[in-house]
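The values are calculated or read from the model by the stated rules, or taken from the named source; none is laboratory data. Since we're looking at a predicted model, the values are computed, not measured. Backbone-built Cβ (ideal geometry, glycine too); neighbour counts: all protein chains shown.
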C-alpha cells in the first residue's frame, strides 16, 4: 500500500525533529544520517526519500523557523502606519518573548549560534543569514525613517547605524541567553531589553548623524 501524503509529511517531520535535537546535542558535523535515522525510528533510505544529503536536511530544518532579522522585514514601511516605532517594538518583544522560547526556534537558534561549524553543510544557511541581516537592516531603516517622519524619533537619527545596533543587539542577547540562561531571563526580560535598545535611538549621541550629512 502506497504511503499517503500525510504519512510522508509525518515521516519528514519526524526526521527533521530528530535532526534538530541531535544537532543541538552534538553539533552538525558530529551527527550522521545514521544517527538521525535511529532517533527518528526510520531507515537511512527513508531519509534519502525526503532529502538529498545532510546539507539538504540541515537547510530544511532551519527553514522551519524565522531568523531574527527576518522578523524585522515585517517592520512597518507603510507611511500610513500611525505608530511605526510601536510596531518595531512589538516585533522585538515578540522575538525575545515568544520566538526564542518556542521549542523548534530555540533548538535551531542553539544549533546556528553555538553548535554549528563552518562547513560545506552551512553554505546555504550562511547565505540565508547574510540575506536576512541585509534585508532586515534595510526594512528596519525604512521603519525608523517612518518613525522620524511621525516625530517619534530625533530628526538626525543615523538610521543605518541604528539598524546595525538592533542587529548586534538581537545576536548578542540570543547568544548570551543560549550560552548562559541565568545571565538573561527570557521571556521575562523581553520588554526591558527591547526598551533599552529602542531608548538608544533617542538618547545616544553616537546615533546622531554628523551635521550636514545626508539621511
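Taking the condition at pLDDT below 95 and buried (at least 21 other Cβ atoms within 10 Å of the Cβ), does residue 75 pass? For residue 75, the condition - at pLDDT below 95 and buried (at least 21 other Cβ atoms within 10 Å of the Cβ) - is met. Restricting attention to region 133-159, the residues that are surrounded by fewer than 17 Cβ atoms within 10 Å (Cβ to Cβ) and under 10 Å from residue 207 (Cβ atoms) add up to 2.
Whenever a residue of region 176-194 is closer than 22 Å to residue 85 by Cβ, its partners that are outside any helix (DSSP H, G or I), lying with C-beta atoms within less than 8 angstrom and at least six residues away or across chains, give the pairs 187/98; 193/184.
Taking region 90-102 as the range and being in a helix (DSSP H, G or I) and touching a residue at least 12 places away in the same chain (Cβ under 8 Å) as the test, the residues that pass are 91, 92, 93, 94, 95, 96, 97, 99, 100, 101. Among the conditions (1) under 15 Å from the mean Cα position of the chain (by Cα); (2) closer than 18 Å to residue 195 by Cα, residue 59 misses just one, which is (2).
Condition check for residue 57 on (1) part of a helix (DSSP H, G or I); (2) under 18 Å from residue 174 (Cβ atoms): one failure, at (2).
Only helices (runs of 4 or more DSSP H) wholly contained in region 103-215 count here; list those with 3 or more residues that are over 20 Å from residue 67 (Cβ atoms), outside the structural domain of residue 54 (by TED's automatic domain parsing) and over 19 Å from the mean Cα position of the chain (by Cα). It would help to see each step written out before you state the result.
On the way: elements: 103-114, 123-149, 159-179, 190-203.
The helices (runs of 4 or more DSSP H) meeting that bar are 123-149, 159-179, 190-203.
Each residue in region 15-54 was checked for being touching a residue at least 40 places away in the same chain (Cβ under 8 Å), closer than 20 Å to residue 105 by Cβ, in contact with a helix residue (DSSP H, G or I) (Cβ under 7 Å, 6 or more places away or on another chain) and not in a helix (DSSP H, G or I), and 1 of them qualify.
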